[in-house]
1. Please list 3J(HN,Hα) in residue order for region A:386-401, calculated via the Karplus relation 6.51 cos²θ - 1.76 cosθ + 1.60 where θ = phi - 60°; whole Hz, with x for glycine and proline.
2. What list of ³J(HN,Hα) values in whole Hz, one per residue of region B:403-419 in order, does the Karplus curve 6.51 cos²θ - 1.76 cosθ + 1.60 (θ = phi - 60°) give from phi, with Gly and Pro shown as x?
3. Using the alpha-carbon centroid of each, what span in Å lies between region B:403-455 and region A:129-153?
4. At a Förster radius of 60 Å, what calculated FRET efficiency corresponds to the Cβ-Cβ distance of residue B:367 and residue B:298, to the nearest 0.05?
5. Considering only the other residues whose Cβ falls under 10 Å of the Cβ of residue A:327, what net charge follows from Lys and Arg at +1 and Asp and Glu at -1?
6. Give the average, rounded to an integer, of partner chain Cβ atoms located within 10 angstrom of each Cβ in A:323-336.
7. Rounded to the nearest 500 deg cm²/dmol, what is the calculated helix-only ellipticity per residue at 222 nm for chain A, with -39500 (n - 2.57) per DSSP H run of length n ≥ 4?
8. Just want the ordering: A:334, A:190, A:394, from fewest to most Cβ atoms lying within 10 Å of their own Cβ.
Amino acid sequence: MNGNRTRLFDVAVIGAGMAGMATSLFAARRDLSCVQVGNGGGILFASGLLDLLGVHPVADRRRWDCPFEALSSLRRDLPDHPLARVGDDALRAAFEAFVSELGAVGLPYAPLDGANHPVLTSIGTVKTTYAVPRSMMAGVEMMRSRPSCLLVDFRGLREFSARQVVAKIGADWPGLHSVRVEFPGFEAVSELYAAHLARAIESAATRDSVAERVRPLLGDATAVGFPAVLGLSRSGEVHERLQQSLGLPVFEIPTMPTSVPGLRLKDAMEAALAAWRVVRHVQAKVTKVSFDDDVATLSLDDVPGGQTIRARSVVLATGRFTGGGLSAGRGHVSERVLDLPVHQPGTRGEWHRRDFLDPAGHPVNRAGLATDGDFRPLSADGRPAWHRLFATGSILAHQDWMREKCGSGLAIGTAWTAVEAISRGLQAPRKAG
Amino acid sequence: METQVLIIGGGVTGTAVARDLALRGVDCILVEKDDVNAGASGRNHGLLHSGARYVAHDQDAATECRIEGDILKRVASRAIQDTGGYFVAVQGDDEKYVGDFPGFCARAGITARPVDVATARAREPAISDKAIAVYEVPDASVDPFRLSLESMAQARSLGARLMRRTRVVGFEREGREIRAAVVQDGTNGTTQRVHVSQVMNAAGAWAREVAQLAGAPIEMLYSKGTLLVTHGRLARRVINRLRPPGNADILMPGGTVSILGTTSSRVEDLRDIHPTVDEVDLILREATPMLPPLETMRIIRAYAGVRPLVGSPSGSDGRTVSRGFALFDHEADGLSNFATITGGKLTTCRLMAERAADLVCRRLGVTRPCLTASDPIPVSPECEWTEPGRAPRSWMSALHVDDPLICECEMVSGSVLDALYQALRAAGDTPTLTDIGLRSRIGKGACQGAFCAVRAVAHLYQNGDFQGSRGLDEIVDFFRERWGGQHAVLWGQQLAQAELMEALHCGLFGEELR
């Protein structure tokens, strides 16, 4: 990577969560040379489900079967919402591109049909989401038709009780049953970790043994649900083989993070970025960015003495408080990398509501960077901070992705739109030098 | 129902009265509208005062604390950590007060040994380099939950009954006598009569309301105090500010954490008591000169309690009203079998109970003496789980394959949940997740229950203890309770933690949509 010091990239992406990954991927697909800084830790908290927009307005708890209908309502009510600035066509194209890239590196998703889908969660609630991993799709069909169905859990996997899910929704789904089995090879272990099980079940012997233990318990089940531990890099194969040996559709139920689908997504994104030759600085933090007329210079701390990378455009995809893009002192929220102005409530007393589950949501969750229509963050004077500085994903203001169920849509949609703008801008005549 | 003595209020005083009466062979029922220590008894520093805090302005209270502290160290040793305490003055503090302090302590019989500042800072590195004087006193830390739970457990073993979630809604009075109390079950709203010979009102801040139901007015003031919980323990000893009592003067060791407080502000309404952002900031501002690491310390929680103060208003914040306790026999109100014990402090709860029980026994004609100062409280296995470190030791020594860790912050395993569930169940209760939280360390670590509540509920469903939607309702109740202590301290890492909790419980599980 010695050449990277002098190389001038088209795009430098700061951040490796869902937004950073999507931005890098879309940039690379447009043949823009791309460098990404960040370790991808945030994506581990993903569930594998890719939401577009599930709930709006949050205070009314209104769920939508069609995300695009939800979007037109959102655009009317919240014109500053980042998703209100991404067109339907762009969102459709962005999601198609995103899931087809994941499919190409072995993480297949069910075909997108423009509709939201109900997905049963590990605690027995029903989540509304858009793109569903193929390994979970049979569960969506079961949720809709509710035939006889068996949910399996593994003793020691503490965050998932199949009996709990049945207790929770069994009254509306009489054919739903639960069984608990020992995970082969882990009979003497008290706490099982999903990632360990996922690795173990990639061996044919373990997989067959799981099937043997479940087969006598099937009864009249027409499908079988498991916690999402069915393999890591070979999850497609594990899922397929398990369906064959049980002779029934099999589906995964998303569990608490950090979850196996989160791990799969991180691995798959990394593989996709590698295939598109995105240069990545995984161990680095950006300590400083300086801008001249046409080139930004990022200082990194990954080697002794630091190093710099140069790029013609910069995308800030550093996330919120958990991701480290925003930081909160006792009185003020600030942006970590460039100290950009942060749109925020007046005082800390207004950040959160007194009830954790207040349907209106916590005002601090709508704090973030204000941008123009191309997702260029604004400086204090209301103009773009730099003409080719962009921001994507959850760091953006005027959204509440956790309540609106739009986290992936926000990341993928704003990444798509920002990359379009970058691409347009870079095609404009370059200045000399 | 029928009993000799109805005790109203399950705080440190009410449970101590139950223990006292039970030891004297008197039959009693304790009714508590919420749960054990749900009021100020569970929302304080957990400080067993040496008395040194009071020497300058109230020698009687100081002496009382010294004597009662020594007794509790003997009879309630499992609830107490004899940490010792420092009184620390920093530059700018009142030097006359500092100079007078050792003499005042001596007069109250309290050992206050001067410690040179360098030695004190070597032992307690959190103390500021601007410290000018340090005295060592025999302060200690007390777990008020364990104290009340163990007192109540002993009382129950001797025949006393506890009715949680039961509120007194009226009294039936004939002439000078209360014949019965009408109590309401908070779970299903049904009422019943409890026929009584005597009533002891130990309802803490709610004592005025209860007395009013009996037709006996009491003048009381309410002083709200807010405290903070730090992530990790900042000091081994109790660290007191060596100055006249004021805001944020005491840092307490509380197992794996430190507890910092308190504030004092008059309130009129007992409903909706919660810590505010301004109080949190005030505490940090006031305490940082003595303990500079607080400036960057992660705060994981804040909580507020209401001190019941007996007397009439004089100062604006209630701090100048006596912290002594009051026992009303209500004879002047025309009542012969109703009494109120209120005010006071954690350190003197046993003495308050003794005086209250003496009055009740006199009225009943019972002559057996008080045994609470001499008989140690016996071990009750179900009461040990509030102790930090107890659950991890138990789990590590067994390491049983069927005993998974449920709470990873505080290392509480499934067998602890089962033991608590079964103990509550055996007492005829329907245990909730919040009940189990009060009796253990579950949800008290940095994650504040975000992850362990999910595991705990899955465990209880799997045991068949929860049916239908109940477990999810309980997660929501549990979070509401935990959140009440979080929303005023959400900045820095704790805000990131709260965001992660919301991403999980709202983003993925959609619990707000239920």
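1. Along region A:386-401, the couplings run 8, 5, 10, 10, 10, 9, 10, x, 6, 6, 6, 7, 6, 9, 9, 4 Hz.
2. Ordered by residue, 3J(HN,Hα) equals 10, x, 5, 9, 9, 7, 4, 10, 6, 9, 9, x, 5, 5, 4, 4, 4 Hz.
3. A separation of 31 Å, based on Cα centres.
4. Once the sixth-power term is evaluated, E becomes 0.60.
5. On the way: positive: A:320, A:336; negative: A:335.
Its environment carries a net charge of +1.
6. Details: counts 2, 1, 0, 3, 5, 8, 3, 11, 3, 1, 2, 0, 0, 0.
Rounded to a whole number, the mean comes out at 3.
7. Values: 11 runs with 131 residues, N = 433.
Here the helix-only value at 222 nm equals -9500 deg cm²/dmol.
8. A:334, A:190, A:394
None of the figures in this text is laboratory data; all of them are computed from the coordinates on show. Please read all numbers here as calculations on a predicted model, not as lab measurements. All Cβ positions, even for glycine, are placed from backbone atoms using ideal geometry, and neighbour counts span all protein chains on display.
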